[in-house]
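Throughout, read-outs are computed from the coordinates displayed, never taken from laboratory work. In this text the structure is predicted, and so the values were computed from the model without any measurement. Cβ sites come from the backbone with ideal geometry, for glycine too, and all protein chains shown count toward neighbours.
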Amino acid sequence: MINLTSYQIFGILAGAFSVTAFIPYIWAIFKGETRPSGASWWTWAFLAAVTISSSWSAGAPWQVLVLPTWLLFSQLGVAILSLRYGDNNWDWLNKACVAGALVGIALWYVTGQPLIALFFAVIADFSAAIPNFRHTWANPEQENRLGWTIGWFSAFFEILAISAWTLAESGWALYFLFHQTTVLLFVWRPAVSTWLKEARTT
């Protein structure tokens, strides 16, 4: 019998919810409803690999790495699909994010401090997410509410998987919750505005 702690169970749930959240997106790619930006997905996959390796080297337990590991493979999968179903035009932002992560890796090698690489990876990931924030705010109807809502729960369970509030274990999880919450609020903004207007008139 496998004995799992509550933290480990929450870590597995975080990964499971993320798997579920990706299904509508992958299906939309095959139906031609979504054209993934290959440059963004290659960048995110690379940053996920840096996050996993640096967090593990800094002492993060496996349960908080289930979610980013799944994200690495799923993002890599979308990047590969983009070769046929999307575009792979690299702009300056994607190049800058990869360069920033490489600087973090170099500093990790020089100093022996993996948290430096984790810090640079998170900053690079946030920078890469800014265009998505802007797009979602301006065009929330083009995003999948169900997918993003399920994705938010993966971030929520990732927080519950934290057993010690160290930078190695909680740094990326806190950032990911911020990222998912921001997008979720933008996606649901029109619906919330409608509900508030209806509430005022009743």
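Worth a mention:
- More than 15 Å apart - percent of Cα-Cα pairs taken over segment 28-71: 53
- Estimated from helical segments only, the mean residue ellipticity of the chain at 222 nm is -28000 deg cm²/dmol, where each DSSP H run of four or more residues counts as -39500 (n - 2.57).
- Relative contact order (%) - segment 6-201, alpha-carbon pairs under 8 angstrom, separation at least six: 31
- Sequence of Val64, Val192, Val103 once ranked by neighbouring C-beta atoms within 10 Å, starting from the fewest: Val192, Val103, Val64
- When the Gaussian network model of the chain links Cα atoms closer than 10 Å, the mean-square fluctuations of Leu72, Leu83, Leu102 top out at Leu83.
- Between Trp90 and Thr111, full extension at 0.36 nm per residue minus the direct alpha carbon distance yields a gain of 4.5 nm.
- Each 10 Å bin from zero up to the one holding the largest Cα-Cα distance in the chain carries the following percent of pairs: 9, 32, 36, 17, 5, 1, 0.
- For Trp44, net neighbour charge (Lys/Arg +1, Asp/Glu -1) across residues whose Cβ lies under 15 Å away: -1
- Of Trp165, Trp148, Trp56, the one that fluctuates the most in a GNM where the chain has Cα springs shorter than 10 Å: Trp165
- Fraction in percent of alpha-carbon pairs per bin - 10 Å, segment 1-47: 22, 33, 27, 15, 3
- The C-alpha radius of gyration of segment 56-134, expressed as a fraction of 2.2 N^0.38 Å, stands at 1.24.
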